[in-house]
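Trainee: Can you keep this structure in mind? I'll have questions shortly.
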Amino acid sequence: MWSSQHRMNNIIPLSPQIDWNATWLYLNNNTKKTNNYTNFSLNQSKSFKIKILLNILPTLHYLHELYPDNFQHNSCITCQTPEHLLHWLLCPNPINLTSIIAETITKIINHSLLDITQLQSQQLYYSLTQHNCLSVNNVQ
């Protein structure tokens, strides 16, 4: 079913070299193939992973390719260099990405109806913003 989709054309030549079982486990958060359980969070995670795999994240680079009339410039708003497929991860100015993540976490915590104290809210914010998955050093 995957190979019949047009967007998979660039992967089809590599198909014999791909460990499809490992790929399936990665996309599905290491759940068994017989597991039919799903939820919104798992679906979002899977969608994000597939978009990364297919290079179709809605980055400026990709949107510029799709809609050159609407996105006439392909320069990063932070560092002013032309964007490429992984620029959102490798931008020389990671402060912008970090501040966007921190602002988003703040908005979500402040606008959610959480039954927690101010101290717990601050601890949650700190735990989320300091998580090692958000460390720029983890990007390879």
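Read-outs: derived from the displayed coordinates by stated rules, not from any lab. Small disclaimer: the values here were computed from a predicted structure and weren't measured. FYI the Cβ positions are ideal-geometry reconstructions off the backbone, even for glycines, and counts take in every protein chain you see.
Trainee: When the residues of segment 117-136 are narrowed to those that are of a type outside the set (Ser, Thr, Tyr) and closer than 30 Å to Gln80 by Cα, which ends up surrounded by the fewest Cβ atoms within 10 Å (Cβ to Cβ)?
Mentor: The extreme case among them is Cys133.
Trainee: Hey, another quick one. If a residue has to be assigned to a loop (DSSP other than H, G, I, E, B), touching a helix residue (DSSP H, G or I) at 6+ places or on another chain (Cβ under 9 Å) and surrounded by 13 or more Cβ atoms within 10 Å (Cβ to Cβ) to count, how many in segment 87-116 make the cut?
Mentor: 1
Trainee: Out of all the residues in segment 69-128, which are within 23 Å of Thr59 (Cα to Cα) and of a type in the set (Gly, Ala, Ser)?
Mentor: Those that are within 23 Å of Thr59 (Cα to Cα) and of a type in the set (Gly, Ala, Ser): Ser75, Ser99, Ala102.
Trainee: Anything in segment 99-130 that is within 26 Å of Leu54 (Cβ to Cβ) and hydroxyl-bearing (Ser, Thr, Tyr)? List them, or say none.
Mentor: Thr104
Trainee: Of everything in segment 39-63, what is surrounded by 12 or more Cβ atoms within 10 Å (Cβ to Cβ) and more than 15 Å from Tyr26 (Cβ to Cβ)? Give them in sequence order.
Mentor: Asn55, Ile56, Leu57, Thr59, Leu60, His61, Tyr62, Leu63
Trainee: Being surrounded by fewer than 13 Cβ atoms within 10 Å (Cβ to Cβ) and assigned to a loop (DSSP other than H, G, I, E, B) is the filter here, so list the residues in segment 64-78 that pass it.
Mentor: Tyr67, Pro68, Asp69, Asn70, Gln72, His73, Ile77
Trainee: Right, another one. Within segment 49-86, which residues are touching a His at 6+ places or on another chain (Cβ under 7 Å) and not polar (S, T, N, Q)?
Mentor: His61, Phe71, Cys76, Glu83, His84, Leu85
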